[in-house]
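Chemist: This is the structure I have questions about; it appears just below.
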Amino acid sequence: MNAMKEGFRGKSVCSPAAADYQRSERLRKEAASCSIPTTASEIERVNSLLDSSELKNALARMDGLLAAMLKIQSDLEKAKNGTLYPWQQDGPTKKYPQFQGGDRTASLLFSMRQNQM
């Protein structure tokens, strides 16, 4: 690929412009021999792809994968909300007292009382 970019071909050296010219000449020759497919042939080709057993098998596998992915997404959302398992809904809740303010001694005593809980 670098040989094409830099203009080097085989053992002989040519400039990048000459390499571009050679490449464009090859493309012109190729374009002269190709033809645009007919609409009917393209429709037939696409229909054969859509009717292929490989595509049908892949789509059948994807349906199962989609269902599994949706289940995982639903479970993650329930886990975030705390509703995934029954024991999450009626478990004990812990309440922490709020510090009402004061000096450093009051905050130290509050912190020590909170750590005892």
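What follows is calculated from the coordinates using simple rules that are stated; it is not laboratory data. It should be emphasised that the depicted structure is a prediction, and the values quoted were computed from it without experimental measurement. Backbone-built Cβ (ideal geometry, glycine too); neighbour counts: all protein chains shown.
Chemist: Set Lys and Arg Cβ to +1 and Asp and Glu Cβ to -1, take the dipole of the chain about its Cα centre, and tell me which of Ser41, Asn81, Pro92 lies farthest positive.
Modeler: Pro92
Chemist: Sticking with this structure for a sec: So what's the back-of-envelope 222 nm ellipticity for the chain, counting only DSSP H runs of four-plus at -39500 (n - 2.57) apiece and dividing by all residues, rounded to 500?
Modeler: Taking each H run of at least 4 residues, the total per residue is -22000 deg cm²/dmol.
Chemist: For Lys71, which aspartates and glutamates qualify as cross-link partners when the Cα separation must be under 15 Å and same-chain residues fewer than eight apart are set aside?
Modeler: By straight Cα distance, Lys71 reaches Asp63.
Chemist: Explain nothing, just the number: dipole magnitude of the chain about its Cα centre with +1 on each Lys and Arg Cβ and -1 on each Asp and Glu Cβ, in debye rounded to the nearest 20.
Modeler: It comes to approximately 520 debye.
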